[in-house]
Amino acid sequence: MYVMFPPKDPRPRALPAFTGTRKFKTTGTLEYDTYMPEGIRVRVRRLPGGDFRDALQISSNGRFLELSLWGEEVPLGSLLEIEQGSSLYWGELQQLGGSTALVCVEHSLDRSRLQPIGEIWGE
């Protein structure tokens, strides 16, 4: 017994029209919300379990944040958590030149967006 399938339609399917506004920067297939105002104080800690310390966010470019770090040396490849207001950013230290560090942000979280969910769950 043979089952016959109709031939595939060679025409590409049209994607639905985008009707909203884009809030995130597009980098290929993934979207990241890594906007941070420049020249502000942030708190940085080395993961896992490091202590928070103050730093200055110098600039941002897409997924990359340039920070001015003070205090102990942080080795390249270290995983960092960056706290700025209600936002958290997690990334890897890519470059280090003196006190200036370049961090590639892999994940970001806006805790203010989670507040309504926490209220529903009673947390």
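Residue count for segment 83-115, restricted to those that are basic (Lys, Arg) and exposed (fewer than 12 other Cβ atoms within 10 Å of the Cβ): 1.
Taking the listed residues LEU76, LEU80, the one that is outside any loop (DSSP other than H, G, I, E, B), surrounded by 10 or more Cβ atoms within 10 Å (Cβ to Cβ) and at pLDDT 90 or above is LEU80, with no other qualifying. Annotation: of all residues in segment 55-67 being farther than 30 Å from PRO116 by Cβ and exposed (fewer than 15 other Cβ atoms within 10 Å of the Cβ), the one that is farthest from the chain's Cα centre (by Cα) is SER59.
The values are calculated or read from the model by the stated rules, or taken from the named source; none is laboratory data. None of these values were measured; they are calculated from a predicted model. A quick note on method: Cβ atoms are made from the backbone with ideal geometry, for glycine too, and the neighbour counts reach across all protein chains shown.
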